[in-house]
Structure formats: C-alpha cells, structure tokens
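*Asks:* The structure follows.
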Amino acid sequence: MNPLKKVCVIGLGYIGLPTAAIAAQHGIQVHGVDVNPKVVETINKGEIHIIELGLEAVVKEGVEKGYFKASLTPTEADVYLIVVPTPFKGNHEPDISFVEAATRSILPSLKEGDTYIIESTSPVGTTEKMAELIFRARPELKNKIYIAYCPERVLPGNVLHELVYNDRSIGGIDEASTLKAIEFYKLFVKGELHKTNARTAEMCKLTENSSRDVQIAFANELSLICDKADINIWELIHLANKHPRVNILQPGAGVGGHCIAVDPYFIVSEYPRESRIIGIAREVNNYKAFWCAEKTRNAMLEFELKHGYKPVTALMGLAFKPDIDDLRESPAKYIANKVMQSEQNSFLVVEPNIKEHSVFKLTNYLEAYEKADIIVFLVAHKEFKTLEYLDDKVILDFAGIFRR
Ligand SMILES: NC(=O)c1ccc[n+]([C@@H]2O[C@H](COP(=O)([O-])OP(=O)(O)OC[C@H]3O[C@@H](n4cnc5c(N)ncnc54)[C@H](O)[C@@H]3O)[C@@H](O)[C@H]2O)c1
C-alpha cells in the first residue's frame, strides 16, 4: 500500500470508477463514494455497473486486496476527487449542482493539508467558486488546504490505458495547490503533467471538445452546400485532404454524446458575445440532424407520389457514433423520433449494438435492408459497411457508408 495517500473519489461512474480502480491498483487506499446504493453494492462485490473493457478485473482486484471500498458517504482522506456529472439545464446553462452537493458532502471530513481536486467538466470559475464555498463553511482551512482542477480526456473503451498514459493539464487556485495535485497524479499517471492555473485547466477541457465540434460543423456545413451544388461531399473532402496542410473531418447526421454536444455550451452560456464560432458550430451541428430528418420525410413523400403507396423506411443506427451502444444526445435518435412522428408510415429501426430499447422496436439490419423501400444510414456502424449498394432502393447515406 502507498502509505502517503488515502483518496476519496466522489462519483463512481464512467470516469470516477476507473480512476478509483487504477489508483487502488497503484497501492493507494481508495474510498469510493456514490449516492446510488446499487452502484456501491455492485462495486463492493467486485463487480461493475458500466461497460468498460478490462475494468471489472481491476475493480475486483482492488476490492479483494482491500485497497478499494465503496460507500454512500465520504470518509476522512488526504485527497478528495470530485467526479460527478455536470449536465446542462433546459436553457443550455451548465448545472454545477452535483459538484456543489459533492463538495458539501466532504466539508465535515476536510482537514489541514488535504487536497481537493475537481475532475468533472466544469464552466470556467467553478474551482474558485467551490473554494469560496469550502472557506465559507470552514474558514479555519483558508490557505491550509490545496484546491485544484484536473480535467479528464479519456476515450470510452480505452479508459484504463488513457487514464495512465494521457497527458493532463492541472491547475490549482494557487501554485502550491497545482504542485500538490501534480504530486498526487504522479502516483499513477505516466503521461506528462502540465502545470497551469484552475481557470486555464477548466477552459482547456472545454476548448478541446469545442475544437472537435467546430471542425465537425465545418464538414457538416460543407455537406449541406454540396447537397445543393450537386457535388459528392465524400469525394470533395478526400480530394481537399490531399493538400498537405488540410485535414477536414467527415460529416455525419449531427453531433451527439455527453461531451462534444454539451461542453461548448459551457463556454457559450458564459461568454455569449465572444464565442460566436463556437455557438454557431453548435447550431450547424444541431441543424444537420434537423436537415437529415427533413430529407428523410421528403424522400418518403416523393416515394408515395411516385409509387402510389407509402414506403417502408429503415432507420439504420441510433447511437451517437459508430460501433457503440451509447444513445446520449444522439442525433440519430433525434432523427428517428422526428421522422416517426408521421405515424401512418411504417419504419424499421436498426441498432446492432443494443438488444432492445424502451421506445423503439428494433429490427435486424439485414432484414431491414432487405424489406425497406427507403434506407436511411444515420450511423456508420461496421455492420452497415458490409452491405452492398442496391439500385432498386432509395438510399439516404448521411453516414458515408457508400460514399456515393
Ligand atoms: N464519460 C466520459 O467519457 C467523460 C470524459 C471526460 C469527462 N467527463 C466528465 O466527467 C464527469 C463525470 O462523468 P461520468 O461520465 O463519469 O458520469 P456518470 O454519470 O457515469 O457518473 C457519475 C456518478 O456520480 C454519482 N453522483 C452524483 N452526485 C453525487 C454526489 N453528490 N455524491 C456522490 N456521487 C454522486 C452518480 O450516481 C454517478 O454514479 C462529468 O463532468 C463528465 O462531463 C466524462
């Protein structure tokens, strides 16, 4: 065991749980906290409640060796990691109430010399706000504890590797806090640990995801232009990328997921006048999904006018990106919901990565491809890439399966 550190990880989800398990693997005594009793119960059995390659074995090992224990309440520790959700509210304003609640929950346990680190993706200024909250409740701790921000940038599916080998930007509310947080991450991170301040570290995470969003928006905007100009968007991007300094991303049915489709709003809501490109990129990517739904509806109407009967339409994919089972903020799901509002038409909904869905009745992709008159590719899942182009079908290829 690492005698120097006892860590309390607040929030045991997609990020908190692997972080806790990796820390325990490195001999750190980890006390994991989650408000969900089922999560706590599952982890204490050495099992996991999320899908992440290789994670269960690391959790099991930590629990069995006594380095990792989960509970509903925090305990005294040397380091506190806040890894709770930071969603947005209806008006796209960031909701930091989970970070606040997690911070309040550790107030009684904090003592001189402790380190408090936020990992949750947060709007600029959150770490300073939490420092104020802590010092209002515990004024005797002012200048006696270390407070820092360290964002997470792992890719789901490869989290165990990236947690250790990715570089990190770490920023404290003062130099001593930055150094103390770096000292902690050095215990299990092999990537480089870059020193900055809390506001820059917060903005760094938001910048990374906004950068992806803006680049995808550029590709999506080109796809709208090419549709009007009768130019094959896939060929165009392939050719433009032959330029040694051009690297355009691929367009799609929009942008989804819990990071890229969410985090840019944390900048736009705080700096609406300044963040024009970032705000418009969000609009373009949202509009692309709306446009795909309109295109699908028009194709259905045209089919009916031409053939005198309503078509069967296959909606191929619901996930927010290829080859995953995650539907959060998915543009494909949005499009499916929107086009299926025309109830008199019949639809076959396909998502090879999930077995069943509470709203959509799912159909096998081969069966749907054979039976439908109109095929709408919404996600570039690997299964779809094995299909052969059929001239007798109407194919709307928003995901670039055939690139025609
Ligand atoms: N999932 C990712 O790929 C990813 C990547 C980078 C950053 N992030 C950020 O990391 C943060 C956590 O994301 P996640 O995907 O792990 O979320 P998650 O929803 O998977 O897990 C969060 C956990 O926190 C628990 N929780 C909520 N409030 C709590 C409280 N007050 N005390 C204790 N537990 C509490 C929930 O029950 C849940 O189990 C978010 O800010 C997210 O934006 C996520």
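The values are calculated or read from the model by the stated rules, or taken from the named source; none is laboratory data. All values derive from a computational prediction rather than experimental measurement. Because the Cβ atoms are built from the backbone with ideal geometry, glycine has one as well, and the counts that use them run over all protein chains shown. For accessibility, only protein heavy atoms count, side chains too; no ligands or nucleic acids. Shrake-Rupley method; radii C 1.70, N 1.55, O 1.52, S 1.80 Å.
*Asks:* Pick from segment 183-200 the residues that are farther than 12 Å from S122 by Cα and among the hydroxyl-bearing types (S, T, Y): which of them is nearest to the ligand (Cβ to nearest atom)?
*Replies:* We begin by selecting, within segment 183-200, every residue farther than 12 Å from S122 by Cα; these are 183-197.
Of the ones still in play, those that are also among the hydroxyl-bearing types (S, T, Y) are 185, 196.
Details: Y185: 15, T196: 17 Å.
Among those residues, the one meeting the criterion is Y185.
*Asks:* Turning to a different aspect of this structure: Touching a Lys or Arg at 6+ places or on another chain (Cβ under 8 Å) and buried (at least 24 other Cβ atoms within 10 Å of the Cβ): which single residue out of V79, V63, V84, V33 fits that description? First the steps, then the outcome.
*Replies:* Working: V63 fails: buried (at least 24 other Cβ atoms within 10 Å of the Cβ); V84 fails: touching a Lys or Arg at 6+ places or on another chain (Cβ under 8 Å); V33 fails: touching a Lys or Arg at 6+ places or on another chain (Cβ under 8 Å).
Only one candidate qualifies: V79.
*Asks:* Still on this structure: Give segment 1-48 a look and list any residue that's within 11 Å of the ligand (Cβ to nearest atom) and farther than 19 Å from I82 by Cα, or say none.
*Replies:* Once the filter is applied, which keeps residues that are within 11 Å of the ligand (Cβ to nearest atom) and farther than 19 Å from I82 by Cα, segment 1-48 yields K38, T42.
*Asks:* Just to be sure I understand, how many residues within segment 127-159 are more than 10 Å from the ligand (Cβ to nearest atom), in contact with a strand residue (DSSP E or B) (Cβ under 8 Å, 6 or more places away or on another chain) and open to solvent by less than 60 Å² (accessible area, probe 1.4 Å)?
*Replies:* In the first step, residues of segment 127-159 are kept if they are more than 10 Å from the ligand (Cβ to nearest atom); the result is 127-150, 158.
Subset that is in contact with a strand residue (DSSP E or B) (Cβ under 8 Å, 6 or more places away or on another chain): 127, 130-131, 134, 145-150.
Filter once more, keeping what is open to solvent by less than 60 Å² (accessible area, probe 1.4 Å): 127, 130-131, 134, 145, 147-150.
The number of residues fulfilling the criteria is 9.
*Asks:* Any residue in segment 129-148 that's farther than 16 Å from N197 by Cβ: show its pairings with residues that are of a type in the set (S, T, N, Q) at Cβ separation under 8 Å, as long as the two are six or more apart or on different chains.
*Replies:* Partner pairs satisfying both residue conditions: L133/T103; I134/T103; I145/T115.
*Asks:* Name the single residue that is surrounded by the most Cβ atoms within 10 Å (Cβ to Cβ) among those in segment 343-361 being part of a loop (DSSP other than H, G, I, E, B) and of a type in the set (V, I, T). Can you show your working first?
*Replies:* Taking segment 343-361 as the starting set, the residues that turn out to be part of a loop (DSSP other than H, G, I, E, B) are 343-345, 351-361.
Remaining after also requiring of a type in the set (V, I, T): 354, 359.
Numbers: I354: 14, V359: 11.
Residue satisfying both the conditions and the ranking: I354.
*Asks:* Scan segment 290-338 for residues that are polar (S, T, N, Q) and over 22 Å from E383 (Cα atoms) and jot them down. Can you show your working first?
*Replies:* Step one: filter segment 290-338 for residues polar (S, T, N, Q), giving 296, 298, 313, 330, 337.
Selection gives N298, N337.
*Asks:* A further question follows. Limited to segment 49-60, what total is found for residues that are of a type in the set (A, V, I, L, M) and open to solvent by less than 30 Å² (accessible area, probe 1.4 Å)? Steps first, please.
*Replies:* As a first pass, look at segment 49-60 and keep what is of a type in the set (A, V, I, L, M): 50-51, 53, 55, 57-59.
From the residues that got through so far, the ones that are open to solvent by less than 30 Å² (accessible area, probe 1.4 Å) too are 50, 55, 58-59.
So the count comes out to 4.
*Asks:* Taking segment 318-342 on its own, how many of its residues are part of a loop (DSSP other than H, G, I, E, B) and either without any contact (Cβ under 8 Å) to a residue 60 or more places away in the chain or open to solvent by less than 50 Å² (accessible area, probe 1.4 Å) (or both)? Full working, then the answer.
*Replies:* Here is the first cut: in segment 318-342, the residues part of a loop (DSSP other than H, G, I, E, B) are 318-330, 340-342.
Remaining after also requiring either without any contact (Cβ under 8 Å) to a residue 60 or more places away in the chain or open to solvent by less than 50 Å² (accessible area, probe 1.4 Å) (or both): 318-320, 323-324, 326-327, 330, 340-342.
Total satisfying the criteria: 11.
*Asks:* Same structure, new question: Consider F303 against the criteria (1) buried (at least 19 other Cβ atoms within 10 Å of the Cβ); (2) under 27 Å from the mean Cα position of the chain (by Cα); (3) away from the ligand (no atom under 16 Å from the Cβ): it satisfies all of them except one. Which criterion is unmet?
*Replies:* For F303, the exception is condition (2).
*Asks:* What number goes with the only condition from (1) open to solvent by 60 Å² or more (accessible area, probe 1.4 Å); (2) among the hydrophobic types (A, V, I, L, M, F, W, C); (3) more than 16 Å from the ligand (Cβ to nearest atom); (4) not assigned by TED's automatic domain parsing to the domain that holds D78 that M203 does not pass?
*Replies:* Unmet condition: (3).
*Asks:* Residues of segment 362-402 being closer than 19 Å to V255 by Cα and either in contact with a Ser or Thr (Cβ under 7 Å, 6 or more places away or on another chain) or open to solvent by 60 Å² or more (accessible area, probe 1.4 Å) (or both), which ones?
*Replies:* From segment 362-402, those closer than 19 Å to V255 by Cα are 376-382, 396-401; that's our starting set.
Those that are closer than 19 Å to V255 by Cα and either in contact with a Ser or Thr (Cβ under 7 Å, 6 or more places away or on another chain) or open to solvent by 60 Å² or more (accessible area, probe 1.4 Å) (or both): V376, K382, L396.
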